[in-house]
1. Ranked highest first by average number of other Cβ atoms within 10 Å, how do 143-153, 52-62 line up?
2. Output wanted: per-residue J couplings in Hz (rounded whole) for the range 56-61, from phi through Karplus 6.51 cos²θ - 1.76 cosθ + 1.60, θ = phi - 60°, x for Gly and Pro.
3. List the residues whose amide H sits under 5 Å from the amide H of CYS16, counting only those 5 or more places along or on another chain, with H placed 1.01 Å from N in the peptide plane.
4. Whole-Hz Karplus ³J(HN,Hα) for the range 15-32, in order, using 6.51 cos²θ - 1.76 cosθ + 1.60 and θ = phi - 60°, x for Gly and Pro?
5. If amide hydrogens are placed 1.01 Å from N in the peptide plane, which non-local residues have theirs closer than 5 Å to the one on ASN29?
Amino acid sequence: QAAAGPLCAYMQAPVCRFTVTISNESAPNAWASGVGQIAITRSMLQLLRDETEVAAVLGHEMAHHMAGHLNRAATNQAVGGLLGAVLAGAAVYAGGGQGGGAQDLVTTGAQLGASVGRLTYSREMEREADYIGAYLLARAGYDLDRAGGVWFRMAGSGRTTSGILDTHPTSPGRLAAWQHI
């Protein structure tokens, strides 16, 4: 957190104080939520080899807060939901608006639109969080090659291709990007 101060000021970051909690969820994961909230699962902590790798994961999540990704993602989701509802409503209107399923169609359109909106720019946000996280690690004195060990292990067990609904870059792609930071 101390290493983040100057970058927070430079970025005019919306959040620069962080609270980390440990979750009992079974899948190895970490995430940013709320205002400065970061959660990491016990299973993720077991996957990580040392403090440097823990710092890599936490730095990445801090970066999501600092870059305003949570607010941007919420806006994308809200706009997508609105557009989905409008398009579904137009389809109902064009079809004569008959039947009791009209409201269900509009609700489904809003949900689908929100899901698509949530995906908008998410891979770019992940790449940006990796980059900012690496900067934070370097400022805090961590070895970036050692920190990249977590991405290396994840690349060995992760996806090698990317689908349209994926929110994160593929593991090999993420590792390659990390090695060029």
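1. Ranking, from highest mean packing down: 52-62, 143-153.
2. Result, rounded to whole Hz: 4, 5, 5, x, 4, 5.
3. none
4. 9, 8, 10, 10, 10, 10, 10, 9, 9, 8, 4, 7, 7, x, 6, 8, 7, 9
5. Answer set, sorted by chain and number: THR41, MET44.
Values quoted throughout were computed directly from the atomic coordinates according to the rules given, and no laboratory measurement underlies them. None of these values were measured; they are calculated from a predicted model. Cβ sites come from the backbone with ideal geometry, for glycine too, and all protein chains shown count toward neighbours.
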